[in-house]
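Student: A single structure is presented below for examination.
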Amino acid sequence: TGHSPQVKAFVTQDIPFYHNLEMKHLPGADPELVLLSLRYEELERIPLSDMTREEINQLVQELGFYRKETPDAPVPEEFQFAPAKSLPILPPPQAPTADGKTPPKHDKEEHPDL
């Protein structure tokens, strides 16, 4: 199994920066990027084996994946569903109201379901 070191570098070093980006890695298979819709339906598979790390980064950003500053950085509201943000089933983003009805969402980083 000769995996390109470029792809391996992308998988290990770049993927943690991307919100909603997952690689399905099957032993012995070529690495593929699988795009899922909001309903987790498979949209397309993109084989990565012939691409350089730079090309893959460019590709996923063109696809609309949001790259965070650091793997732990918060994701802006409008990118929560990226890259599916262009899907028409999403309601338009609501502007936060300044009258204090919506409490700011902070310190809600716990994940009780983990």
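The values are calculated or read from the model by the stated rules, or taken from the named source; none is laboratory data. Being a predicted model, the structure only gives us computed values, none of them experimental. Methodologically, a virtual Cβ is constructed for each residue, glycine included, from the backbone with ideal geometry; neighbour enumeration extends over all protein chains shown.
Student: Checking Ala84 against (1) surrounded by 14 or more Cβ atoms within 10 Å (Cβ to Cβ); (2) modelled with pLDDT of 65 or more, only one condition comes out false. Which one?
Tutor: (2)
Student: Given the criteria surrounded by 16 or more Cβ atoms within 10 Å (Cβ to Cβ), at pLDDT 85 or above and β-branched (Val, Ile, Thr), does Ile46 qualify? Working first, answer last.
Tutor: Details: surrounded by 16 or more Cβ atoms within 10 Å (Cβ to Cβ): no; at pLDDT 85 or above: yes; β-branched (Val, Ile, Thr): yes.
Taking the combined requirement at face value, the residue does not satisfy it.
Student: Scan the range 30-42 residue by residue and report those that are exposed (fewer than 12 other Cβ atoms within 10 Å of the Cβ) and at pLDDT 80 or above.
Tutor: Answer for the range 30-42, where residues must be exposed (fewer than 12 other Cβ atoms within 10 Å of the Cβ) and at pLDDT 80 or above: Glu41, Glu42.
Student: What number of residues within the range 3-44 are part of a strand (DSSP E or B) and either touching a Ser or Thr at 6+ places or on another chain (Cβ under 7 Å) or among the basic types (Lys, Arg) (or both)?
Tutor: Here is the first cut: in the range 3-44, the ones part of a strand (DSSP E or B) are 18, 23-24, 32-36, 42-44.
Going one step further and asking which of them are either touching a Ser or Thr at 6+ places or on another chain (Cβ under 7 Å) or among the basic types (Lys, Arg) (or both), we end up with 24, 43.
Number of matching residues: 2.
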